[in-house]
Structures are given as structure tokens and as C-alpha cells.
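Reviewing the structure listed below.
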Amino acid sequence: MQEIVYHTNYQNEDSYWWFTARNIIISKIINKIIPSLSKSSRIIDIGCGTGGFASYISKDYDISCLDTSKTALEYCKKRGLKNLYNATIAELPADIEPFDAAIMLDVLEHIEDDKSALEDVYKILKDDGYYIMSVPAYKWMWSKHDEIHMHYRRYTKKEVTKLIKNAGFQIKYASYFNSFLFLPAFLKRKLDKMTGKEEKHKDPVDKVSDGMNSLFHKVFSFESKLLPAFSLPFGLSIIVIAQKTGK
């Protein structure tokens, strides 16, 4: 990602609606789908960024953080996170103890060879380990935001679950999410393209007023009351939880 994204994320991760609501939703889904995970469970947050989610769940699990950006890991240190790896998945020490779970939140779209990345994740997990991931949805929702964040692609649920299955995982849960704000986001992107405003977009995070930030948080986080009891049919993002199986 561009360097400015790390600085902006660190400033916003604890208060901006998208981060705060996503943390609530994904942590709840993990608790419901994988109740076997405990404080002693070793979990690695791959592409951890500035450590917002890792910090959010660090009281519940034994968290390690991996990122290729030294800037990102410096922010992780500021959050008090430990067990930090400045590396790719493949560069982890060969003798490292396998993890109970690996998390990749909005990371796979940044990796050119997503197939190899999933194969690398498979190798660092215990035989019954879990893979927890999210990605942005729909190629036709591509915008300047994707370019600023240096994405290679966006996915459909069918595409990403097939990719994960081919890497040797069994899908335990998959759903679109950030569904209630889908229509406003779609209309805004269409309007920005029509007016030329999108080409002027340079900020990694769209600025909103405190009132709108609170409203968006409430609308987005409300999905935590539905997930994972249901699988939503569309949304701006996709979440998948899968388990390592023998190939």
C-alpha cells in the first residue's frame, strides 16, 4: 500500500465507522464459528497493517503480527503488540510453531499471486487450523479507492471460496457483509464517476462528519446481529472462515 495509507489508518482505526464496525462483526463471527479458540490459541494476523484488529482481539488470543511494511509494524509497537514479523508468509522461519489460526483482513486483494499466498497460509497452520479472511466485493465496484490502496482485484463470493477450497481448505462459513450501506456506496461511486469527482479522490479514507460517522457505524455494526446466523446475498465485502484439511 502507499505509505500514506498506514499513517491514515493508524489515525482512524479506533474511531472511523468502517474499522470499528468491521471489528465488531468479524470478532463476533470468529467467536461463533470457532468457539474452540481461546487465550492460549496462537493466531497470526497476516498483513496486519497498523494493528487495529490485532489490538482489538489481543485480550482474547495469543496474537502475532506479520507485515512487509516496517512503518506498519512501528505502529503495531505503539499499540503494545508483540511477536512482530517484518516478512512475507513464505519468509517466516521454517521451524516456527504452526498456528491455530491465520487472519487476513482485506489483504488478499493486495497480493498479485493470491493462489500462492493461500498455499503459504496452509503451510503455517496446524492440521485443523483455521483461516479467517475478508476481501472487497465485485470487480464492477472498482474505483479510485482501489488504486490508492494498490489492489489487484475484487472478488465475488464464488470466486474467493473456490480459490480457498483449491488451496486445501474446507469452507465453514462465507457471506457478503457491509450490505446495508451497499446501495448508498454504489450510488456515490456512480455519481463521483459522472461528475469527475472520483479522479480527484486522493484520501485513503473518505472524510465524514462526526454525526455521519456515528450513523454509518450503527448501520454497519447492526449486521453483527444477523451474522453469522445468516449469510447475506450481497455486500461491499466478503468474509470467509475455512479450516485446513488434508489435500
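The values are calculated or read from the model by the stated rules, or taken from the named source; none is laboratory data. Nothing here was measured: the structure is a model prediction, and the numbers come from that model. Note: ideal-geometry Cβ built from the backbone for every residue, glycine included; neighbour counts use all protein chains shown. Side chains included, ligands, DNA and RNA excluded: accessible areas come from the protein's heavy atoms. Shrake-Rupley method; radii C 1.70, N 1.55, O 1.52, S 1.80 Å.
When all protein chains stay in place and ligands, DNA and RNA are ignored, the 1.4 Å accessible-area order of Lys190, Lys32, Lys139, Lys126, largest first, is Lys139, Lys32, Lys190, Lys126.
Using the Karplus relation 6.51 cos²θ - 1.76 cosθ + 1.60 with θ = phi - 60°, the per-residue 3J(HN,Hα) values for the range 216-227 come to 4, 4, 5, 5, 5, 5, 4, 4, 5, 7, 9, 9 Hz, with x marking Gly and Pro.
Taking every DSSP bridge with both residues inside the chain, close to 45 percent are antiparallel.
For the range 32-47, backbone phi angles converted through the Karplus equation (6.51, -1.76, 1.60; θ = phi - 60°) give residue-by-residue couplings of 7, 7, 10, x, 6, 6, 9, 4, 8, 5, 8, 10, 10, 9, 8, x Hz, Gly and Pro being listed as x.
Here each label is just a point 7 Å from Cα along the line to Cβ, and for Trp140 and Asp113 those points are 3.3 nm apart. The range 33-111 and the range 169-245 have Cα centres lying 23 Å from one another.
Taking the chain as a Gaussian network, where each spring joins two C-alpha atoms under 10 Å apart, which residue of Val160, Val121, Val205 fluctuates the most? Maximum fluctuation in the GNM of the chain, among the listed residues, is at Val205.
Over the range 111-247, the fraction of Cα-Cα pairs per 5 Å bin, rounded to whole percents and listed from the shortest bin up, is 2, 9, 16, 19, 18, 15, 11, 7, 3, 1, 0. Of all lysines in the structure, the ones whose alpha carbon falls short of 22 Å from that of Lys32, not counting any fewer than 8 places away in one chain, are Lys59, Lys126, Lys157, Lys165, Lys172, Lys218, Lys225, Lys244. Computed over the Cα atoms of the chain, the ratio of the radius of gyration to the Kirkwood radius (Rg/Rh) comes to 0.94.
Ignoring any ligand, DNA or RNA, what whole percent of the accessible area of the chain comes from carbon and sulfur when the probe is 1.4 angstrom?
54
Isolated cysteines in the chain, defined as those with no second cysteine Cβ under 4.7 Å, comprise Cys76.
Residues in the range 1-54 average 40 Å² of solvent-accessible surface per residue, probe 1.4 Å, ligands and nucleic acids excluded. Sites listed here are chymotrypsin sites (Phe, Trp or Tyr not before Pro) in the range 143-247 whose DSSP assignment is loop and whose Cβ has at most 12 other Cβ atoms within 10 Å: Tyr152, Phe230. Diffusion coefficient (Stokes-Einstein, Kirkwood radius over C-alpha pairs, 20 °C, 1.002 mPa s) for the range 58-149: 145 µm²/s, rounded to a whole number.
Secondary-structure-derived ellipticity at 222 nm for the chain, considering helices only, amounts to -11000 deg cm²/dmol, per-run term -39500 (n - 2.57) for DSSP H runs with n ≥ 4.
Considering all different alpha carbon pairs of the range 104-169, the Kirkwood hydrodynamic radius works out to 12.5 Å. On a per residue basis, the range 57-144 carries 46 Å² of accessible surface, using protein heavy atoms and a 1.4 Å probe.
Helix 182-195 and the longest principal axis of the C-alpha atoms of the chain enclose an angle of approximately 50°. Once the C-beta distance of Lys77 and Leu187 is scaled by a Förster radius of 35 Å, the resulting FRET efficiency is 0.30 to the nearest 0.05. Among Trp18, Ser179, Ala72, whose Cα lies farthest out toward the positive end of the dipole of the chain, if unit charges sit on the beta carbon of Lys, Arg (+1) and Asp, Glu (-1)? The listed residue farthest towards the positive side: Ser179. Helix 157-166 and the longest principal axis of the C-alpha atoms of the chain enclose an angle of approximately 20°.
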